[in-house]
Amino acid sequence: MSQHNEDYEKSELYRIRHSASHVMAEAVIEMFPDARVAIGPAIEDGFYYDFDLPRSLTPEDLEVIENRMKELIKSKENFVCQEVSADDARKLFKDQPYKLELIDGLEHGNLDEDGNPTQDKQKISIYTSGNFVDLCRGPHVETTGQINPTAIKLLNVAGAYWRGDEKRPMLQRIYGTAWESKDQLKEYLWKLEEAKKRDHRKLGKELDLFSSNDEVGQGLILWHPNGGMIRYQVERYWDEQHIRNGYDLVYTPHIGKASLWETSGHLGFYKENMYSPIQIEEQEYYIKPMNCPFHLHIYKSQLRSYRDLPLRFAEKGTVYRYERSGVLHGLLRVRGFTQDDAHHFCRPDQMPDEIDFTLNFSMNMLRAFGFTDFQAYLSTKPEKSVGEDIMWHDAEVALEETLKRMGVPYEVDAGGGAFYGPKIDLKVKDALGREWQLSTIQFDFNEPERFDLSYIGEDGKEHRPYMVHRALLGSMERFFGVLIEHYAGAFPVWLSPKQVTMIPIADRHNDYAHEVAARLKKAGLRVIVDDSSDRMNAKIRNAQKQKVPYMLVIGDREMEEGQVALRRRSGENPGPMSVEAFLELALREIEEKI
RNA sequence: GCCGGCGUAGCUCAAUGGUAGAGCAACCGCCUUGUAAGUGGUAGGUUAUGGGUUCGAUUCCCAUCGUCGGCUCCA
């Protein structure tokens, strides 16, 4: 657990939220005396409580519950903590099966509230506030009076499995938020509103970037011309950077024979995510869920010398994975996507440098897209794994040393690695401070073995190379979604699908506007001329709504002087300048990726 | 997949158990305009799809598809 989380759990705000969840439970039980209660912790930005209720809750119910909560808070109920024996607790909660299950876990001293194993035998404590008694380890505020009734709000109801297990009952979870002051609540709600405005699904429609379609199928993305241009620019930059940094670009097919996926192990451990096979002349082929087996075969296509290493094969490889319908989400979770994938093959002695390089390259790539705040997660050897301990150890050390050298803040997820190797996941913070996981750098001790990879060492003998799998942007789809939200659709000039809108004031300016547009296009700018019969004001409004970075207004004055009048989408209005001056300005800003 | 909500014109949204309406966009005109919507008109819907209840369904019920908020899972 991170320092950040520990601090939060000790904070006043944490106690307020945790207490608010109890008050909410009290209000819900008043409304539904037969309610069965599960758990109700404080979470980031708020709290929730899970209930088993006789009927589904409606938004109106939430309003009633919230109002009742405010009354309960005003009555200043005290939170009283009491330690009890397991048997007493069982008597107290005899009608509450979820609580009884929790008590069993606590009594046997190996499961905490969330069902996670713990070392210590747990004490059993209950908290009483008003008419509500809850099995709870606290901490709470002393009295509900410490909760600010103007700083709480119930947000939504959602289904949640008991203990997160889909085989167990589905409960109703009410989410709420609580703060110390009304202003903090307001600020939080503003942030939620702002996030809604930036939602890539909304902007995707408004800016005509992408869509999906019933008839095409869920989770399959259609990139429209505007989105396509952005993708092209991202990919072009990506290609250049990879070529400059020692990568070889490779291309591989979308399907491969069943035996390939048997060798790679995917049919063993990844089959649930793969689509049904296609029959081709008595042979079964699978659509690829990953690119690695193909890259491994490129490696194997010739005898490799230790002098050849490291080798880096990069591909924007399109893969298809079965995802359960309920998890699909805009561009962020889809069924067909293009990974910006690469596989590195290196000698053991090159490994630390190779990790340094990869992390550094990854962060540089992301910085070009305006992401400067990184948080890393190091996942280490799980219980079930393949590969020798020494390899795991060396790789984990190398990963951690790299993080330290680079000064990237990181958390260790002990035992959180895949069975085939440890990894670093890199998250970036966007303009609203939200974290998104993009890059992943993973060791693979499985496939080199399965494909029997080797290189000839200095000693003339065969050796097994280390293999690292990495994606920097993650996938083009997810990255695009994050980019849209990060920039709120106002992409920097180099990425903007349309960079310039020419705005002739009257019809007599159209020809000149087209002439200038032709010059700008020749210089590489993406320009459109709005020669519609709209008035200038309407043209500006349309260009603003499309978040076009430069608007060039053309009237009599500009035409006579051979100039253009620049207006930026920021509202800034530098005014008339020569076409050359504008061109210079625009090209400079494109170069600087502003 | 599961729990709950939603699906009406290209978009945003009204309305009703008795032949569906607005704004924007589109199209055709008029206006020729100086930094965020000039103006008149025209056209556009088997109310997601398939069943059922009903004299009558877009409205009520069921299923399917899609979508939204979550759970679980993940690039």
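Cβ-Cβ contacts under 8 Å between residues 6 or more apart (or on different chains), taken from a first residue in the range A:383-400 that is over 14 Å from residue A:359 (Cβ atoms) to a second residue that is aliphatic (A, V, I, L, M), are listed as A:394/A:351; A:396/A:378.
Residue-by-condition table, conditions (1) of a type in the set (A, V, I, L, M, F, W, C); (2) over 25 Å from residue A:262 (Cα atoms); (3) not in a loop (DSSP other than H, G, I, E, B):
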site	(1), (2), (3)
A:378	yes, yes, yes
A:385	no, no, no
A:399	yes, yes, yes
A:425	no, yes, yes
A:433	no, yes, no
A:460	no, yes, no
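When residue A:236 is tested against the conditions (1) assigned to a strand (DSSP E or B); (2) free of Cβ contacts under 8 Å to residues at least 12 places away in the same chain; (3) not β-branched (Val, Ile, Thr), the lone failure is (1). One residue stands out among those in the range A:542-577 that are within 14 Å of residue A:515 (Cβ to Cβ) and part of a strand (DSSP E or B): the one that is farthest from the chain's Cα centre (by Cα), which is A:563.
Yes/no per residue for (1) assigned to a helix (DSSP H, G or I); (2) over 19 Å from residue A:449 (Cβ atoms); (3) open to solvent by 40 Å² or more (accessible area, probe 1.4 Å); (4) among the acidic types (Asp, Glu):
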{"position": "A:365", "(1), (2), (3), (4)": "yes, yes, no, no"}
{"position": "A:372", "(1), (2), (3), (4)": "no, yes, yes, no"}
{"position": "A:393", "(1), (2), (3), (4)": "yes, no, yes, no"}
{"position": "A:405", "(1), (2), (3), (4)": "yes, yes, yes, no"}
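The condition (being of a type in the set (Lys, Arg) and touching a residue at least 40 places away in the same chain (Cβ under 8 Å)) is satisfied by just one residue among A:94, A:99: A:99. Restricting attention to the range A:144-190, the residues that are aromatic (Phe, Trp, Tyr) and more than 10 Å from RNA strand B (Cβ to nearest atom) add up to 3. Can you find even one residue in the range A:297-318 that is open to solvent by 40 Å² or more (accessible area, probe 1.4 Å) and either within 16 Å of RNA strand B (Cβ to nearest atom) or part of a strand (DSSP E or B) (or both)? Checked the range A:297-318: at least one residue is open to solvent by 40 Å² or more (accessible area, probe 1.4 Å) and either within 16 Å of RNA strand B (Cβ to nearest atom) or part of a strand (DSSP E or B) (or both). Step by step: first the residues of the range A:515-541, then only those that are within 11 Å of RNA strand B (Cβ to nearest atom) and assigned to a loop (DSSP other than H, G, I, E, B), then the one that is surrounded by the fewest Cβ atoms within 10 Å (Cβ to Cβ). Which residue is that? Per the stated criteria, the residue is A:533. Please indicate, with yes or no, whether at least one residue in the range A:213-220 is under 20 Å from the mean Cα position of the chain (by Cα) and either assigned to a helix (DSSP H, G or I) or farther than 28 Å from residue A:250 by Cβ (or both). Scanning the range A:213-220, I find at least one residue that is under 20 Å from the mean Cα position of the chain (by Cα) and either assigned to a helix (DSSP H, G or I) or farther than 28 Å from residue A:250 by Cβ (or both), so the answer is yes.
Exactly one residue among A:138, A:130 is more than 16 Å from RNA strand B (Cβ to nearest atom), at pLDDT below 95 and open to solvent by less than 10 Å² (accessible area, probe 1.4 Å), and that residue is A:138.
Taking the range A:471-514 as the range and being under 27 Å from residue A:430 (Cβ atoms), open to solvent by 20 Å² or more (accessible area, probe 1.4 Å), within 13 Å of RNA strand B (Cβ to nearest atom) and outside any loop (DSSP other than H, G, I, E, B) as the test, only A:478 passes.
In the range A:449-470, the qualifying residues are those that are under 19 Å from residue A:317 (Cβ atoms) and crowded, with 22+ Cβ neighbours inside 10 Å, and the one that is farthest from RNA strand B (Cβ to nearest atom) is A:467. Cβ separations smaller than 6 Å between residues 6+ apart or across chains give the following pairs from the range A:191-216 residues that are more than 13 Å from residue A:486 (Cα to Cα) to residues that are assigned to a helix (DSSP H, G or I) and within 11 Å of RNA strand B (Cβ to nearest atom): A:210/A:204. Sub-9 Å Cβ pairs linking a first residue in the range A:124-145 that is more than 18 Å from residue A:74 (Cα to Cα) to a second residue that is of a type in the set (Gly, Ala, Ser) and in a loop (DSSP other than H, G, I, E, B), at least 6 apart or interchain, are A:124/A:85; A:125/A:138; A:127/A:138; A:134/A:40; A:136/A:40, ordered by first then second residue.
The values are calculated or read from the model by the stated rules, or taken from the named source; none is laboratory data. Everything numeric in this text was worked out from a predicted model, so none of it was measured. Note that each Cβ is placed from the backbone with ideal geometry, even for glycine, and that neighbours are counted across all protein chains shown. With ligands, DNA and RNA removed, areas are computed over all heavy atoms of the protein, side chains included. Shrake-Rupley method; radii C 1.70, N 1.55, O 1.52, S 1.80 Å.
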